[in-house]
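Trainee: Sharing a structure here in structure tokens format.
The values are calculated or read from the model by the stated rules, or taken from the named source; none is laboratory data. As the structure is a prediction and not an experimental result, all values here were calculated from the model. With ideal geometry, Cβ positions are generated from the backbone for all residues, glycine too; neighbour counts draw on all protein chains shown.
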Amino acid sequence: MSLFKKLFNQKPDNASEGKKSERGKYMPEVQLPADERFTKQFILNGGKFLYCLDMDEIFESFDNIMLENDWYESQVYCMDDKLASKFNGYNLEFCQSPDAAFFLTTCENLIANDGSLLVSSKQIKEKKLHELPKNFVVFAVTSQIVNNIGEGLRGIKTKNTGSIPTNITTIKNFEPHEDSKDFMSYGSSSKNLYLLLLEDL
């Protein structure tokens with residue numbers, strides 16, 4: 001399921017073009033694989049997507065995010081000690097203050113159908129999204145991509161039998177909405193979000 005092999009090694013296939021034209025106009029559309037759907041929807045939502053083949057590329061991309069935003073020697077909100085130790089070499093001060101430069105976290109799942117990120121109390125405790133910093137840096141792996149929220153919720157239930165996490169929500173808005181009367185964004189909190197996605201399949 002190497003996402004970027006699919007994206008960058010595609011060559012025009014005349015045979016597949018012929019097949020496309022043979023499909024009737026009432027035939028259902030061929031659904032893209034989950035990883036491609038997630039990438040497309042995530043970018044449409046305004047997210048910044050950084051695909052990495054190994055941890056060296058993850059650290060290089062993280063370094064570029066720090067440079068781009070001038071976040072060196074800044075406070076970073078992080079509730080995950082393992083994640084904090086993984087990204088410890090950047091002169092960052094790990095804290096739990098909403099005034100920090102950015103929030104460093106993982107997620108439960110990446111939802112392909114709408115390009116959102118599923119999080120729970122494992123990542124955000126009992127905080128509401130608006131109580132967290134505006135900037136997010138999320139570390140995830142490709143095996144976390146699922147088709148829809150229902151599939152993600154089933155995965156959470158399976159992984160956490162006996163102690164299902166609370167405060168389950170999705171983050172979908174990655175750029176500010178100018179029209180505050182837009183009922184689709186009511187109650188949501190838009191975040192400037194970078195996704196560091198590691199290939200693990």
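Trainee: Restricting to the stretch 37-79, give me the number of residues that are in contact with a Lys or Arg (Cβ under 7 Å, 6 or more places away or on another chain) and touching a residue at least 60 places away in the same chain (Cβ under 8 Å).
Mentor: Going through the stretch 37-79, the residues in contact with a Lys or Arg (Cβ under 7 Å, 6 or more places away or on another chain) turn out to be 45, 79.
After this cut, where a residue has to be touching a residue at least 60 places away in the same chain (Cβ under 8 Å) as well, the list is 45.
Of the residues in that region, 1 qualify.
Trainee: Is it true that SER61 is of a type in the set (S, T, N, Q), touching a strand residue (DSSP E or B) at 6+ places or on another chain (Cβ under 7 Å) and part of a helix (DSSP H, G or I)?
Mentor: On the way: of a type in the set (S, T, N, Q): yes; touching a strand residue (DSSP E or B) at 6+ places or on another chain (Cβ under 7 Å): yes; part of a helix (DSSP H, G or I): yes.
Here the answer is yes, as SER61 does meet what is asked.
Trainee: Ok, one more. Please determine, by comparing only the residues of the stretch 77-91 that are touching a helix residue (DSSP H, G or I) at 6+ places or on another chain (Cβ under 8 Å) and closer than 24 Å to SER190 by Cα, which one is surrounded by the most Cβ atoms within 10 Å (Cβ to Cβ).
Mentor: Within the stretch 77-91, the match that is surrounded by the most Cβ atoms within 10 Å (Cβ to Cβ) is CYS78.
Trainee: Could you grab me the full set of residues in the stretch 94-111 that are out of contact with any Pro (no Cβ under 6 Å at 6 or more places or on another chain) and among the aromatic types (Phe, Trp, Tyr)?
Mentor: Residue satisfying the conditions is PHE94 alone.
Trainee: What number goes with the only condition from (1) surrounded by fewer than 19 Cβ atoms within 10 Å (Cβ to Cβ); (2) among the small types (Gly, Ala, Ser); (3) without any contact (Cβ under 8 Å) to a residue 40 or more places away in the chain that SER121 does not pass?
Mentor: (3)
Trainee: Among the numbered conditions (1) more than 20 Å from the chain's Cα centre (by Cα); (2) within 21 Å of ASN192 (Cβ to Cβ), tell me where GLY115 comes up short.
Mentor: It fails just one condition, (1).
Trainee: Mind listing whichever residues of the stretch 49-63 are out of contact with any helix residue (DSSP H, G or I) (no Cβ under 7 Å at 6 or more places or on another chain) and either among the β-branched types (Val, Ile, Thr) or at pLDDT below 95 (or both)? Walk me through it before giving the result.
Mentor: Initially, the stretch 49-63 is screened for residues out of contact with any helix residue (DSSP H, G or I) (no Cβ under 7 Å at 6 or more places or on another chain), giving 53-63.
Correct list: ILE58 only.
Trainee: How about the stretch 73-124: which strands (runs of 3 or more DSSP E) wholly inside it have at least 1 residues that are farther than 22 Å from THR166 by Cα and not acidic (Asp, Glu)?
Mentor: Numbers: elements: 75-77, 93-95, 102-105, 109-111, 116-119.
Here the list reads 75-77, 93-95, 102-105.
Trainee: What is the residue count in the stretch 1-48 for residues that are surrounded by fewer than 15 Cβ atoms within 10 Å (Cβ to Cβ) and either at pLDDT 95 or above or closer than 22 Å to LEU110 by Cα (or both)? Even if it seems obvious, please write down each step before you answer.
Mentor: Step one: list which residues in the stretch 1-48 are surrounded by fewer than 15 Cβ atoms within 10 Å (Cβ to Cβ), which gives 1-2, 4-33, 40, 43-44.
Still in the list and also either at pLDDT 95 or above or closer than 22 Å to LEU110 by Cα (or both): 1-2, 4-8, 30-33, 40, 43-44.
Residues meeting the conditions: 14.
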